[in-house]
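Below is one structure, written out as C-alpha cells; comments come after it.
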Amino acid sequence: MSRDDTRQKASTRRDYMKYGGAVVGGGLLAGCTGDDGGAQSDENGSAGDSYSVSMFPVGEVEFESVPESVTPYNMGWADMLVSLGQADKLKTNRLTAPTLFYDRFDIDWDADYPALWQDGGWSKEVMYELDPDVFLIDPNLMSQWSDNWSEEDTAELGQNVAPFFGCHNRRIRGDWQKELGYPEQAPSLMEAFDAVGTVMDERERTEAWLDLHDELLSEVKSRIPNDEPPSIGLINSGSSPEKGEFYVLYLEDNGYEMKPYRDLELVDADAFGGVETGQYGLTDYETMIEVDPDLILVHWGITTGSVTFGGDGAFDGEQFREQFIEPMENHEVGSQLTAVQEGRVLPGPTAEQGPLVNAFQTELTARLFYPEEFGELDLDAPLNVPDEEQLFDRQRIANIITGDI
C-alpha cells in the first residue's frame, strides 16, 4: 500500500450506512465497494469537517468530524489508539498487558467500562450505553462469533450509534473469512493502523510510527544471521503440558498475530508444518517427541501472570515455569524433548499487537531466536533490555505518544 493518501469523493455517512446496512443484511459487506484494503481519504480530517476513509471490508466510511470516543474489541486495535496518544478516547475494558508495555510511558486510560461480550454473546445494550463515535470492530465478525447476533443487529448499530471501521485481521483462517476474500484483501497491521491514523486525524504521529517501524525492520533484517534458525514448535497458551495437551499453531497463518515471525523470516522453521493434528491443533507428547522442535514457544506466553484486561500485574517468570516448563520436565516423554533439555521452552509474543506492542515484540522475538546477535533473554524480565542492546529508542516512542515529534 502506498504511504500517500489517495483522495476520493465520499458519500454521506447516511448514504453509506443505508448502503452498508443493506449489504450487511445480505452477508456481502466484504469487498462491497471494490476497496483494495488500503486507507483512502478525501481530505485530512479536522474538527467540524466531514471526510471519508476507506478500508477492507467496510469500504468507504464518512466521518462528520474526528471521533472523540472509540470502542474497539480486538486489543491490537486498542493499541493503535494508545500508539497515537489517544488512549483517553478509548471506551473499552480491554488492553493488552498494560504493565508490560505501557507503564513505562505516560498513558492515561480508563478501564471502567462494561465488556462488549457478556454471557456468551455480544451485548447490544452495552454498545448503546457506550455510544462511541466509531466502533473499531469488523462488522462481519459480529454475527460470525455469536449466535445471538444477526447482520441486521450490526446494521442497526451502524445506523443509530456509530459506523464500524475495523477488520478481523489478527487471525485469517476461518471459512467465513476465506469466503469473503480476507486472505487476499485484508490489510496488514500497519496498513490498518495507517487507516486508523487518518480516521483519528493523526497523520504526523502515524507517519512517525511508520518510519520507526520501517527502520526497526531494516535494522533487524540486516542483522539476521545466515545460519539456519532453530526449528520452532509454537503452542497456544491454552495448552496444558500437565495433562499432555498441546494446541499447535502454524507460523504460515495469515494475520498480524504471526507478524513477528514473518518479519524475522522464521516461517520456514515451523517444526509442525504439514504435521497432522486434531481439532484446534490438539496434539500430545507422542507427536511432540516425533517432531522434537529445537525451541518451544508459548503463544501469548509473554502475558503469563499479567492482567490482560486492565489493572496491575506483570510477566511472572516463575508462573511461566510452573505452568509450562516444570510439567514437561517432570513427564517421562516431555523430559526427553530437546527444547526441554536445553532450556528452550520460552514465552512467545502475545497475539494482540498494534504498533507499540509490536515494536517490543519484534525485539523480543529477535532475542528469542538469535541471542548471540541480539542479546540473551532474561526469563524473569524478558522486556527489560540493556540500553546498548535495544533495537529502538524508547524515548522516541514516548515523544510520538505525547506529540513531541
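Only one of the listed residues (PRO229, PRO293) is over 19 Å from the mean Cα position of the chain (by Cα), of a type outside the set (A, V, I, L, M, F, W, C) and at pLDDT below 95. That residue is PRO229. Regarding GLY334, is this residue open to solvent by less than 20 Å² (accessible area, probe 1.4 Å) and either within 30 Å of ASP108 (Cβ to Cβ) or modelled with pLDDT under 95 (or both)? Considered against the rule, which asks whether it is open to solvent by less than 20 Å² (accessible area, probe 1.4 Å) and either within 30 Å of ASP108 (Cβ to Cβ) or modelled with pLDDT under 95 (or both), GLY334 comes out as no. The helices (runs of 4 or more DSSP H) located wholly in region 232-329 that include 2 or more residues which are surrounded by fewer than 20 Cβ atoms within 10 Å (Cβ to Cβ) and of a type outside the set (Asp, Glu) occupy 285-291, 317-320.
Only residues that are closer than 14 Å to VAL70 by Cβ and either open to solvent by less than 60 Å² (accessible area, probe 1.4 Å) or more than 21 Å from the chain's Cα centre (by Cα) (or both) were counted across region 80-112, and they come to 16. Across region 371-393, the number of residues qualifying as under 23 Å from the mean Cα position of the chain (by Cα) and more than 19 Å from SER306 (Cβ to Cβ) comes to 4.
Applying the criterion of at least 3 residues that are within 21 Å of GLY317 (Cβ to Cβ) to the helices (runs of 4 or more DSSP H) found wholly in region 331-405 leaves 338-341, 355-369.
When only residues in region 168-214 that are farther than 23 Å from GLN144 by Cβ and outside any helix (DSSP H, G or I) count, which is farthest from the chain's Cα centre (by Cα)? Out of the qualifying residues, it is ASP201. Filtered by the rule that a residue be assigned to a loop (DSSP other than H, G, I, E, B) and either farther than 24 Å from GLU64 by Cα or open to solvent by less than 20 Å² (accessible area, probe 1.4 Å) (or both), region 119-160 gives ASP119, GLY120, SER123, PRO132, ILE137, ASP138, SER146, ASP147, ASN148, TRP149, SER150.
The values are calculated or read from the model by the stated rules, or taken from the named source; none is laboratory data. Because the structure is a prediction, the values reported are computed rather than measured. Virtual Cβ from ideal backbone geometry, glycine too; neighbours counted across all protein chains shown. Each accessible area value is taken on the protein alone, full model and side chains, heavy atoms only, with ligands, DNA and RNA left out. Shrake-Rupley method; radii C 1.70, N 1.55, O 1.52, S 1.80 Å.
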